[in-house]
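The values are calculated or read from the model by the stated rules, or taken from the named source; none is laboratory data. Just so you know, these numbers come straight off a predicted model, no measurement behind them. For neighbour counting, all protein chains shown are included, and Cβ atoms are generated from backbone atoms with ideal geometry for every residue, glycine included.
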Amino acid sequence: MIQKPVFFVRDIPVYGDLILSPMDGYSDQPYRALCRSLGSAMSYTEFINALDVLGGHPHLPRKLAYLEEERPVVYQIFDSEPRRLLEVALRLQECGPDIIDINMGCSVRCVSGRGAGAGLLREPGKVAQIFSLLSRSLKVPVTAKMRLGWDDDSLNYRQIARIVEENGGALIAVHGRTRLQGYGGQADWEAIAEIKRSLSIPVIANGDVSRVADIERIKAETGCDGVMIGRAAIGNPWIFSRLDRDQVSETQLQDTMQRHLDNMLDFYGPERGLVLFRKHASRYLRSLDLSTDQRQRLLTASLPVEFLQTLADLNA
Ligand SMILES: Cc1cc2nc3c(=O)[nH]c(=O)nc-3n(C[C@H](O)[C@H](O)[C@H](O)COP(=O)(O)O)c2cc1C
């Protein structure tokens, strides 16, 4: 069957409407590849600090690693300085991503407080400069992920979205909250709808999609081209196949956990891979009726084989 693209990022076809959110500490190559295989249509990296690229941070090669089957691959970067973002984006472009994304949503103080992430929303002039510089200088499309403004008194999303589009931005993903809200309160889907109505580039809606039913709701309410899913995908990568966690069989759960763990062991090595897998494991196991002892044994297993045997024993 020939699949039709759902939307394009400039000339790059995207064959699906669900996308794993960039999530620091979660959307690494093993998890992205798993979600991509289950239906996520693009692969956004965790955010990458421009200063780490310039300084050659030891974690950088892992952050930049991707598999061919993940394409389109989006490198997301953050910084406050247009010239530095340009220099870093030009360097990163050489690693072969399909798209470079500018983070204009990160709310944590050490990022937004220094004028990067959501801090950029307070400086529309800089946003214009960044998108103008990068879209003229890069071969790959440049996109934005943004929030609605710094706080309720500065809801400048209409202005920021227009600036991104007018200066060559090729797509905008919108998390429907302000920086001040962090992750509290409710995402404002009507504001996302307003952005979608005012632009001609693709708009991706993001915020508070917890179950499959929310996907059609956010699409209907915003008219967006796609939906980005973050927290609800941790422990439920099947959401990209439009399955809620309670629709996933025990066998599917075990197979997927094993695959995810194998990917992590390959990528990080046996020791670190298992340790980093634990935070995913606790989310996969959250809805199971496990005894404290069973949960404890799974989450403290020191060898992959021990973890997998304990997991298999649950069904015995
Ligand atoms: C643990 C965690 C890490 C995150 N890291 C990033 C990031 O690196 N880049 C980014 O643009 N957003 C990041 N976000 C925000 C998410 O991409 C998303 O916008 C937010 O969680 C709202 O979507 P949700 O309601 O589907 O979770 C992060 C969120 C969480 C929970």
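The residues on offer are R272, R245, R297, and the sole one that is basic (K, R), farther than 30 Å from G176 by Cβ and in contact with a helix residue (DSSP H, G or I) (Cβ under 8 Å, 6 or more places away or on another chain) is R297.
Does A281 satisfy the condition of being hydrophobic (A, V, I, L, M, F, W, C), assigned by TED's automatic domain parsing to the domain that holds V142, away from the ligand (no atom under 14 Å from the Cβ) and over 17 Å from the mean Cα position of the chain (by Cα)? Before the answer, list the steps.
Values: hydrophobic (A, V, I, L, M, F, W, C): yes; assigned by TED's automatic domain parsing to the domain that holds V142: no; away from the ligand (no atom under 14 Å from the Cβ): yes; over 17 Å from the mean Cα position of the chain (by Cα): yes.
In short, no.
The strands (runs of 3 or more DSSP E) located wholly in segment 1-106 that include 3 or more residues which are in contact with a helix residue (DSSP H, G or I) (Cβ under 7 Å, 6 or more places away or on another chain) and closer than 25 Å to E123 by Cβ occupy 73-78, 99-104. Being closer than 18 Å to L18 by Cα and within 13 Å of the ligand (Cβ to nearest atom) holds for only one residue in A233, A213, and it is A233. The set of residues from segment 149-183 being within 18 Å of D101 (Cα to Cα) and of a type in the set (D, E) comprises E165, E166. A residue that is assigned to a loop (DSSP other than H, G, I, E, B), at pLDDT 95 or above and within 14 Å of the ligand (Cβ to nearest atom) occurs somewhere in segment 236-259.
Out of (1) without any contact (Cβ under 8 Å) to a residue 60 or more places away in the chain; (2) within 15 Å of the ligand (Cβ to nearest atom), the odd one out for T143 is which? Result: T143 passes all but (1).
The single condition among (1) small (G, A, S); (2) touching a residue at least 60 places away in the same chain (Cβ under 8 Å); (3) crowded, with 19+ Cβ neighbours inside 10 Å that G182 does not meet is (3).
All conditions but one from (1) in a helix (DSSP H, G or I); (2) more than 16 Å from the ligand (Cβ to nearest atom) apply to S200; the one that does not is (1). The set of residues in segment 219-230 that are in a helix (DSSP H, G or I) and surrounded by fewer than 24 Cβ atoms within 10 Å (Cβ to Cβ) comprises K219, A220, E221. Please verify whether segment 231-240 includes one or more residues that are surrounded by fewer than 19 Cβ atoms within 10 Å (Cβ to Cβ) and in contact with a Pro (Cβ under 7 Å, 6 or more places away or on another chain). Within segment 231-240 (the criterion being surrounded by fewer than 19 Cβ atoms within 10 Å (Cβ to Cβ) and in contact with a Pro (Cβ under 7 Å, 6 or more places away or on another chain)), the answer is no, since none of the residues qualifies. Put simply, of A213, A161, A170 the only residue that is assigned to a helix (DSSP H, G or I) and under 23 Å from G117 (Cα atoms) is A161. Screening the candidates D293, D289, D262 for the property of being outside the structural domain of R36 (by TED's automatic domain parsing), loosely packed, with under 13 Cβ neighbours inside 10 Å, assigned to a helix (DSSP H, G or I) and of a type outside the set (A, V, I, L, M, F, W, C) yields one hit, D293.
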